[in-house]
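See structure below.
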Amino acid sequence: MMFWILLAAIVGSTIAIVYLVQRKWIAPWREMEQLVKQVGRGEQPRTFLIDGGKEARRVSVALEEILIRQRQLDRQIGERATGQKAILSAMQDALLVVDGQSRLALMNPAFQDLFGVGEDSLGVPLLESVRDPAVEQIVGETLRQRKPSQGQLVIGRREFEMTSVPMGTDNGTLTGAVVLFHDITELKRADEIRRDFVANVSHELRTPLSILRGYIETMIDDPKLPRSETARILEVMDQHSKRLGLLANDLLTLAQIESDRSTLELSEIDLLRFFNDLVRDWNKKFAAKNLKVVVDVDGDCPKIRADEARLREVFDNLLDNAVKYSNENGEIRLCAGRHDGAIALSVSDSGIGIGSEDLPRIFERFYRADKARSRELGGTGLGLSIVKHIAQLHGGSVEAESVLGKGTTIRVVL
Ligand code: ATP
Ligand code: MG
């Protein structure tokens with residue numbers, strides 16, 4: 001009897017101990033295992049509350065903190081990646097990062113557009129994806145010599161300055177290179193225009209200067225020149241010094257209108273009054289060639305807002321050409337009217353006209369259609385480029401129509 005009681009007590013307490021152990025030690029760790037697995041999969045567990053001993057509860061609290069911290073880190077990484085992506089996308093220059101084996105590691109949209117490669121090229125060697133030996137060579141040089149290298153390359157119709165800089169860890173191991181492609185097409189074009197301009201100006205200066213110098217030498221060498229010869233020489237010198245003066249003025253005007261964009265002094269201009277003033281001031285020159293002048297301002301043509309002094313410069317230049325390139329007894333028309341929703345002001349003449357191959361170029365600086373004739377008439381080819389600039393300053397444009405031998409119309413559309 002005693003035996004059975006003892007056995008029951010032993011079995012009972014064993015069961016109780018097993019039950020307790022199960023509740024306090026085993027069950028919570030099963031739950032814990034579940035929690036850890038969920039956290040590991042990046043899921044949000046319904047609760048971190050665990051039945052069981054103190055230790056298990058402490059661990060579950062710690063686990064919850066780990067999850068919160070991990071979420072914060074994920075968010076930070078996400079923000080950083082979006083920031084980086086935004087910067088890379090906003091960059092005008094194409095950017096490429098290659099690893100130590102010249103394989104594409106990172107690139108921005110500008111680079112993808114430029115070379116027509118997609119995200120799937122990441123990890124592909126440079127030569128296979130970009131297929132430009134010049135790029136491969138410059139990057140290769142950077143990786144081999146561990147020094148920045150530079151070069152220029154032409155892609156399509158644009159020119160690029162390429163800079164490749166080695167990239168490495170603090171302890172000196174090379175991890176790759178950062179490569180930038182900067183578009184220098186405009187820069188080059190501006191440089192070319194500047195060089196052309198300087199060459200043209202020097203050329204224009206040289207002719208009158210050498211003539212002046214020649215005559216000065218003649219007069220120094222032979223102080224006893226006959227009076228008539230001296231008078232003739234002085235006449236020529238006068239002409240050429242005037243020409244130099246005109247050239248200097250034109251250059252100054254060009255420089256001014258190209259530099260200050262803000263100096264337009266706008267006012268209301270009554271076009272009929274403006275044209276009549278103009279004709280009054282030019283009458284003598286018209287009369288010298290017996291030119292007939294017609295002013296034609298449309299009745300519904302409103303007043304315009306423009307810088308009157310600059311507009312005057314435009315018409316002085318246009319009338320100068322109209323007179324210069326007109327034959328005797330010709331006709332000059334000054335017109336103003338509506339033109340496709342804008343206002344067109346034009347000067348037409350019945351003069352020598354401009355050939356169709358020259359017509360598109362007459363607004364370029366120093367361009368002269370009939371070089372010999374224009375130079376003989378004292379032209380430097382700057383007048384129409386000044387006209388064009390002033391029209392553009394007003395937000396307008398210029399157009400030219402001409403038939404060789406029949407006449408020319410230059411229209412300023414404001
Ligand atoms: P500048 O005006 O500087 O004294 P220019 O008259 O030669 O010199 P632009 O006014 O710029 O220069 O004109 C450029 C060229 O266009 C002229 O050289 C001339 O060949 C041609 N051209 C301009 N206007 C006329 C016109 N009304 N008729 C015929 N040709 C013209
Ligand atoms: Mg001119």
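Listed values, structure above:
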{"read-out": "Cα gyration tensor shape for the range 185-327, rounded if a/c is under 1.5, else prolate or oblate", "value": "oblate"}
{"read-out": "DSSP-loop trypsin sites (Lys or Arg not before Pro) across the range 264-336, with at most 16 other Cβ within 10 angstrom", "value": "LYS289, LYS303"}
{"read-out": "The chain - mean residue ellipticity at 222 nm from DSSP helices (-39,500 (n - 2.57) per run, n ≥ 4, rounded to 500)", "value": "-18000 deg cm²/dmol"}
{"read-out": "Distance in nm between pseudo-label sites at VAL403 and LEU234 (7 Å out along the Cβ direction from Cα)", "value": "4.9"}
{"read-out": "Cα-based Rg / Dmax (Å) for the range 264-414", "value": "14.6, 43"}
{"read-out": "Cα pair distances in the range 2-85, grouped into 10 Å bins until the bin that holds the longest one, percent each", "value": "16, 30, 20, 15, 10, 5, 3, 1, 0"}
{"read-out": "The chain: relative contact order as a whole-number percent, Cα under 8 Å and 6+ apart", "value": "8"}
{"read-out": "Listed residue pairs exceeding 19 Å between alpha carbons, taken from LYS289/LYS388; LYS289/LYS324; LYS285/LYS371; LYS85/LYS188; LYS242/LYS324", "value": "LYS289/LYS388; LYS285/LYS371; LYS85/LYS188"}
{"read-out": "The range 114-257 - Rg and Dmax from Cα coordinates, angstrom", "value": "29.3, 89"}
{"read-out": "Degrees separating the helix 308-324 axis from the principal Cα axis of the chain, which is the longest one", "value": "50"}
{"read-out": "Segment GLU331-ARG213, extension gain: residue separation times 0.36 nm, minus the distance between their alpha carbons", "value": "38.5 nm"}
{"read-out": "SER202/ARG80 FRET efficiency (R0 51 Å; Cβ-Cβ; nearest 0.05)", "value": "0.35"}
{"read-out": "Computed Kirkwood radius, in angstrom, where 1/r is averaged over Cα pairs of the range 345-402", "value": "12.2"}
{"read-out": "Sites LEU73 and LEU106, calculated FRET efficiency, Cβ-Cβ separation with R0 22 Å, nearest 0.05", "value": "0.50"}
{"read-out": "Reference-scaled alpha-carbon Rg (2.2 N^0.38 Å with N residues) for the chain", "value": "1.94"}
{"read-out": "Helix axis angle, 185-221 relative to the chain longest principal axis, alpha carbon, degrees", "value": "30"}
{"read-out": "Inter-label distance for LYS284 and GLU128, nm, one decimal - labels placed 7 Å from Cα along Cα-to-Cβ", "value": "8.2"}
{"read-out": "Cα centroid separation - the range 305-321 against the range 1-47, whole Å", "value": "101"}
{"read-out": "Cα-based Rg and Dmax for the range 92-183, where Dmax is the largest Cα-Cα distance (Å)", "value": "12.2, 42"}
{"read-out": "Rounded if a/c under 1.5, otherwise prolate or oblate - the range 304-352, Cα gyration tensor axes", "value": "oblate"}
{"read-out": "Folded to 0 to 90 degrees: helix 2-21 orientation relative to the chain principal axis, Cα", "value": "10"}
{"read-out": "Pair GLN256, ILE220: separation of 7 Å Cα→Cβ label points (nm)", "value": "3.5"}
{"read-out": "Exposure rule at most 11 other beta-carbon atoms within 10 Å, DSSP loop GluC sites (Glu not before Pro): the chain longest free segment", "value": "44-264"}
{"read-out": "For GLY330, residues with placed amide H under 5 Å, excluding near neighbours", "value": "LYS292"}
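Every read-out reported here was derived from the displayed coordinates using simple, explicitly stated rules and does not represent laboratory data. Note that the structure is predicted; figures quoted are calculated from it, not measured. Neighbour counts are summed over all protein chains in view; Cβ atoms, including those assigned to glycine, are modelled from backbone coordinates with ideal geometry.
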